[in-house]
């Protein structure tokens, strides 16, 4: 399968907004602090399905990505297979000089085929070309497959926040995990 990674252009219809970003929740990371290192174990949970597209406010469903085109401080890369958008990564230069992954998603039917890894490799090139020291991103403790993917790409846990998702659900036990990849 040939995967093409390219920048979002003005002529792109959906820019990857119609991707199935849902994921299966069947476990969660249980974080452990040992000295300055944050590690984890995996704990099983009852099976459920989750999608953050379901939580978007109506006015956010039609995003205008035009300000990412030609902007040196933010960019969107699309992953295409047979001219079909199957993934995207949205990056920006963050206040702390890291490249921040605002969003990365691969359509459910294309996961496990190298699309996400190619998007991360492109994000690394953009980060290096921009003179940034590394990449940071956030994901949730119950998206174990994503966490393991980031770890396999060389990311390490730099921090966490147990209150982020309580804004959406006061009873939420999800923890926001902040991952970092330092470039050399």
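Values quoted throughout were computed directly from the atomic coordinates according to the rules given, and no laboratory measurement underlies them. All values reported here derive from a predicted model rather than from experimental measurement. In this analysis, Cβ positions are derived from the backbone assuming ideal geometry, glycine residues included, and neighbour counts consider all displayed protein chains.
Give me the extension gain from residue 151 to residue 3: residue separation times 0.36 nm, minus the current Cα-Cα distance, reported in nm with one decimal.
51.1 nm
Could you order peptides 171-177, 6-12, 139-145 by the average number of other Cβ atoms within 10 Å of their residues, highest first?
Details: 171-177: 15.9, 6-12: 12.4, 139-145: 20.9.
Packing order, densest peptide first, comes out as 139-145, 171-177, 6-12.
Starting from the 7 Å offset along Cα-to-Cβ, what nm value, one decimal, do you get for the label separation of residue 37 and residue 172?
Computed distance between label sites residue 37 and residue 172 equals 3.0 nm.
Can you sort 170, 108 by how many other beta carbons sit within 10 Å, fewest first? Let's see the in-between values first.
On the way: 170 7, 108 14.
Taking fewest neighbouring Cβ atoms as first place, the list is 170, 108.
Calculate the spin-label point distance for residue 125 paired with residue 48, positioning each point 7 Å from the Cα along the beta-carbon direction, and give it in nanometres.
My value for the distance between the label points is 3.9 nm.
Taking neighbour counts of Cβ atoms within 10 Å as a proxy for exposure, in what order, fewest first, do 180, 163, 52 appear?
163, 52, 180
Given Cα pairs under 8 Å that are at least 6 residues apart, what percent is the relative contact order of the stretch 4-182? Don't jump to the answer; show the numbers that get you there.
Working: 317 pairs, mean separation 36.4, N = 179.
The value is 20 percent.
Taking 0.36 nm per intervening residue step and subtracting the Cα-Cα distance, what contour gain separates residue 162 from residue 83 on full extension?
Extra length available between residue 162 and residue 83 comes to 24.5 nm.
Going by alpha carbons, how many degrees (0 to 90, nearest 10) lie between the helix axis of 115-129 and the longest principal axis of the chain?
On a 0 to 90 degree scale, this one is about 70.
In what sequence, highest mean first, do 64-76, 36-48 appear when ranked by Cβ atoms within 10 angstrom? All intermediate terms of the calculation are to be shown ahead of the outcome.
Values: 64-76: 14.0, 36-48: 11.0.
Going from most to least packed, we get 64-76, 36-48.
Using all Cα-Cα distances in the stretch 84-140, what percent lands in each 5 angstrom bin from 0 up to the longest?
4, 20, 29, 22, 14, 8, 3
What ranking do 83-92, 17-26 get when scored by the average of other Cβ atoms within 10 Å per residue, highest first?
Numbers: 83-92: 20.0, 17-26: 16.6.
The packing order, highest mean first, is 83-92, 17-26.
Obtain the nm distance between the two label points defined at residue 71 and residue 18 by a simple spin-label model: each point lies 7 Å from its Cα along the Cα-to-C-beta direction.
Between residue 71 and residue 18, the simple spin-label model gives 2.4 nm.
Got a sec? How would 136, 1, 182 order by Cβ neighbour count within 10 Å, fewest to most? It would help to have the intermediate numbers written out before the result.
Values: 136 21, 1 9, 182 13.
So the residues, fewest neighbours to most, are 1, 182, 136.
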